[in-house]
Every structure is written in structure tokens, then in C-alpha cells.
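The values are calculated or read from the model by the stated rules, or taken from the named source; none is laboratory data. Just so you know, these numbers come straight off a predicted model, no measurement behind them. Glycine gets a Cβ as well: all are built from the backbone with ideal geometry, and neighbour counts include every protein chain shown. Heads up: the accessible areas ignore ligands, DNA and RNA and are worked out on the full protein's heavy atoms, side chains in. Shrake-Rupley method; radii C 1.70, N 1.55, O 1.52, S 1.80 Å.
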Amino acid sequence: MYFSGIADEAGANLDAQIQATQTLGWQHLEARNVEVTGFPKGNLHDIPDDAFDLVVEKLAAAGLKINCFGSTIGNWSKKIEDPFDLTLGEVRRAIPRMERLGTKFIRVMSHK
């Protein structure tokens with residue numbers, strides 16, 4: 001058993017998320033939105049590859065793992081009538097990033 005929380009609740013910047021997780025003594029976080037210095041804030045499956053590379057490096061250096069991707073798949077900003085290709089794009093971007101991090105879970109929501 002381990003504890004985990006949605007890290008962006010502690011701060012937008014990844015450094016703040018890492019610090020909060022370490023302060024709690026946890027080793028896992030649920031990653032949703034991240035901001036890496038020099039890159040725009042975004043969901044883990046949407047940030048640029050260079051920003052994602054930095055996320056991977058910083059988490060490894062901190063000894064932390066992502067237990068769950070807090071995706072935007074089916075979130076409140078989407079309607080069930082929206083083109084399904086939007087959802088497939090998010091899934092296709094998330095999978096290789098999850099594999100790279102060894103993350104087995106992804107949180108999805110229900111369309112409104």
C-alpha cells in the first residue's frame with residue numbers, strides 16, 4: 001500500500017509538486033497538469049516532448065514515481081458529441097509516456 005495525491009493541487013510547477021510529495025514522505029504522485037520551467041503548463045500527455053523528458057529526469061532524480069496519469073480524457077470540457085479522434089489522440093499520446101514511466105493507471109472522466 002502507498003499514498004498518492006494529485007500533485008498539481010500542491011502547485012503548478014513540477015518542482016513544487018516534487019517538494020510536496022517528498023515532504024509528505026510519499027514516493028508516488030498522480031500527475032495531471034505540470035509546468036516545467038521554460039515550457040507551458042499542460043497535461044502530462046500534452047506537454048512537449050522536451051518538457052516531458054525533463055519531467056522524467058526530475059522524477060528519477062527525486063526518486064519518485066507516477067502511479068496514475070490524471071488525463072483529460074473525457075473531462076468536463078468535452079461533450080460526448082465531440083469527435084472521438086480528440087479522445088483517441090489523448091490516448092495515443094498518453095500510452096507511450098505511461099510505458100516510459102512504468103505507470104499502469106490512467107484516470108479518465110465521463111463526458112458531459
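A residue that is touching a Cys at 6+ places or on another chain (Cβ under 8 Å) and closer than 27 Å to residue 110 by Cα can be found somewhere in the range 29-37. Can you find, within the range 63-109, the residue that is least open to solvent (accessible area, probe 1.4 Å) among those that are assigned to a loop (DSSP other than H, G, I, E, B) and more than 18 Å from residue 30 (Cβ to Cβ)? It comes out as 78.
Do you know which residues across the range 9-37 are in a loop (DSSP other than H, G, I, E, B) and in contact (Cβ under 8 Å) with a residue 12 or more places away in the chain? Of everything in the range 9-37, those that are in a loop (DSSP other than H, G, I, E, B) and in contact (Cβ under 8 Å) with a residue 12 or more places away in the chain turn out to be 12, 24, 26, 27, 32, 36, 37. The single condition among (1) over 16 Å from residue 94 (Cβ atoms); (2) in contact with a helix residue (DSSP H, G or I) (Cβ under 9 Å, 6 or more places away or on another chain); (3) part of a loop (DSSP other than H, G, I, E, B) that residue 2 does not meet is (2). Scoring residue 112 on the criteria (1) open to solvent by less than 70 Å² (accessible area, probe 1.4 Å); (2) at pLDDT below 95 leaves a single failure, condition (1).
Cβ-Cβ distances below 9 Å connect the following pairs, each with a first residue in the range 97-110 that is within 21 Å of residue 51 (Cα to Cα), a second residue that is open to solvent by 90 Å² or more (accessible area, probe 1.4 Å), and a separation of six or more residues or different chains: 98/104; 98/105; 101/65; 102/65; 103/65. For the condition under 19 Å from residue 4 (Cβ atoms) and at pLDDT 95 or above, residue 34 qualifies.
Would you mind stating whether residue 46 is open to solvent by 40 Å² or more (accessible area, probe 1.4 Å), closer than 26 Å to residue 87 by Cβ and not in a loop (DSSP other than H, G, I, E, B)? So residue 46 fails the test. Applying the set (1) more than 19 Å from residue 95 (Cα to Cα); (2) among the charged types (D, E, K, R); (3) not in a loop (DSSP other than H, G, I, E, B) to residue 57 leaves exactly one unmet item: (1).
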